[in-house]
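Asks: Could you have a look at this structure, given as structure tokens, before my questions?
The values are calculated or read from the model by the stated rules, or taken from the named source; none is laboratory data. Model, not experiment: these values are computed from the prediction. So basically every Cβ, Gly included, is an ideal-geometry build from the backbone, and we count neighbours across all protein chains shown.
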Amino acid sequence: MSSEISYLLIVLLVILFSMTIHEAMHAFASYWLGDDTAKMLGRLTLNPIKHIDPVLTILMPILLAISGGPIFGGAKPVSFNPNNLRFGEWGMAIVALAGPISNLIIAFLSFGLWALLKNYSGYDMLSDIFAISISVNLGFFAFNMIPIPPLDGSRVLYVLAPDFFRRGMDYVERFGILIIFAIILVSGSFISNLISSVVMFFITIFGHFFGL
């Protein structure tokens, strides 16, 4: 098996694991806050088949990996009823943050394991897996925290925004996935540079934490 194919297989496995955790954390957070919508829809699970979107979860990140750009993507949104959540609008923000924060935690743990293994010979494959996990999860974190509907960062902005701005966000969110593709097509290079900057920022922070 060529190194390119091995790399893409590792990327795909990391993506499936990371996005499954991301979406499951949305579901578990909403359930913990009092809404059982995700549970009734079968999203309160770690089964990746329930969460993946063929384009956002698989095709787009793989194409980005092939092109050498920062890897980012999304999955099928987890539905919830904000009227059932404790803490009102802040409950919405908690549900939204649960996904990206899980990616940040996975990236942090992956960095620690990568740092532990990098000086040991014979662990090159594991080191590569953890290095890819760092990049993928930080990319997912950065992309999903962009405060534009329907991305997770918009839920946090929604809590803080004035009413007229919220109405505009509600209108934009109706178009869902089309907005994401429009952003990528129109501002692809800017988004890539932004995500790369965020990734390098956190890698620097992690490096200081682990004394590297």
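Asks: Quick one: which of Gly99, Gly168, Gly88, Gly74 is out of contact with any His (no Cβ under 7 Å at 6 or more places or on another chain) and closer than 25 Å to Asn193 by Cα?
Replies: On the way: Gly99 fails: out of contact with any His (no Cβ under 7 Å at 6 or more places or on another chain); Gly168 fails: closer than 25 Å to Asn193 by Cα; Gly88 fails: closer than 25 Å to Asn193 by Cα.
Gly74 is the lone residue from the list that is out of contact with any His (no Cβ under 7 Å at 6 or more places or on another chain) and closer than 25 Å to Asn193 by Cα.
Asks: Is it the case, given these coordinates, that Ser6 is at pLDDT below 90, assigned to a helix (DSSP H, G or I), on the phi < 0 side of the Ramachandran plot and among the polar types (S, T, N, Q)? Spell out the reasoning first.
Replies: Numbers: at pLDDT below 90: yes; assigned to a helix (DSSP H, G or I): yes; on the phi < 0 side of the Ramachandran plot: yes; among the polar types (S, T, N, Q): yes.
Spelling it out, Ser6 is indeed at pLDDT below 90, assigned to a helix (DSSP H, G or I), on the phi < 0 side of the Ramachandran plot and among the polar types (S, T, N, Q).
Asks: Return the residues of the range 171-212 that are farther than 14 Å from Phe108 by Cα, not in a helix (DSSP H, G or I) and not small (Gly, Ala, Ser); say none if nothing qualifies.
Replies: Those that are farther than 14 Å from Phe108 by Cα, not in a helix (DSSP H, G or I) and not small (Gly, Ala, Ser): Arg174, Phe175.
Asks: Might you check whether a residue that is within 17 Å of Asn144 (Cβ to Cβ), in a helix (DSSP H, G or I) and acidic (Asp, Glu) occurs anywhere in the range 36-54?
Replies: Checked the range 36-54: no residue is within 17 Å of Asn144 (Cβ to Cβ), in a helix (DSSP H, G or I) and acidic (Asp, Glu).
Asks: Going through Ala24, Ala96 one at a time, which residue ends up being under 19 Å from Asp152 (Cβ atoms), out of contact with any helix residue (DSSP H, G or I) (no Cβ under 7 Å at 6 or more places or on another chain) and either assigned to a helix (DSSP H, G or I) or not charged (D, E, K, R) (or both)? Step through it out loud before you land on a result.
Replies: On the way: Ala96 fails: out of contact with any helix residue (DSSP H, G or I) (no Cβ under 7 Å at 6 or more places or on another chain).
After ruling out the rest, the residue left standing is Ala24.
Asks: Exactly one condition in (1) surrounded by fewer than 17 Cβ atoms within 10 Å (Cβ to Cβ); (2) among the aromatic types (Phe, Trp, Tyr); (3) under 14 Å from Ile15 (Cα atoms) is not met by Phe130; state its number.
Replies: Among (1) surrounded by fewer than 17 Cβ atoms within 10 Å (Cβ to Cβ); (2) among the aromatic types (Phe, Trp, Tyr); (3) under 14 Å from Ile15 (Cα atoms), Phe130 violates only (1).
Asks: Name the residues in the range 61-93 that are of a type in the set (A, V, I, L, M, F, W, C), under 26 Å from Leu157 (Cα atoms) and outside any loop (DSSP other than H, G, I, E, B), would you?
Replies: First, pick out the residues of the range 61-93 that are of a type in the set (A, V, I, L, M, F, W, C): 62-66, 71-72, 75, 78, 80, 85, 87, 90, 92-93.
Narrowing the set further to residues that are under 26 Å from Leu157 (Cα atoms) leaves 71-72, 75, 78, 80, 85, 87, 90, 92-93.
Residues satisfying the conditions are Trp90, Met92, Ala93.
Asks: Could you tell me whether Val55 is among the hydrophobic types (A, V, I, L, M, F, W, C) and either in contact with an Asp or Glu (Cβ under 9 Å, 6 or more places away or on another chain) or farther than 24 Å from Ile129 by Cβ (or both)?
Replies: Working: among the hydrophobic types (A, V, I, L, M, F, W, C): yes; either in contact with an Asp or Glu (Cβ under 9 Å, 6 or more places away or on another chain) or farther than 24 Å from Ile129 by Cβ (or both): yes.
Here the answer is yes, as Val55 does meet what is asked.
Asks: Does the range 172-191 include one or more residues that are polar (S, T, N, Q) and without any contact (Cβ under 8 Å) to a residue 12 or more places away in the chain? Before you say what the answer is, go through the steps one by one.
Replies: As a first pass, look at the range 172-191 and keep what is polar (S, T, N, Q): 187, 189.
Going one step further and asking which of them are without any contact (Cβ under 8 Å) to a residue 12 or more places away in the chain, we end up with 187, 189.
Yes, the range 172-191 contains at least one residue that is polar (S, T, N, Q) and without any contact (Cβ under 8 Å) to a residue 12 or more places away in the chain.
Asks: Looking only at the range 107-154, which residues are part of a helix (DSSP H, G or I), hydroxyl-bearing (Ser, Thr, Tyr) and either modelled with pLDDT under 85 or closer than 30 Å to Asp170 by Cβ (or both)?
Replies: Of the residues in the range 107-154, the ones part of a helix (DSSP H, G or I) are 107-117, 124-144, 152-154.
Restricting the remaining residues to those that are hydroxyl-bearing (Ser, Thr, Tyr) gives 110, 127, 133, 135, 154.
Hit for the range 107-154 is Ser154, nothing else.
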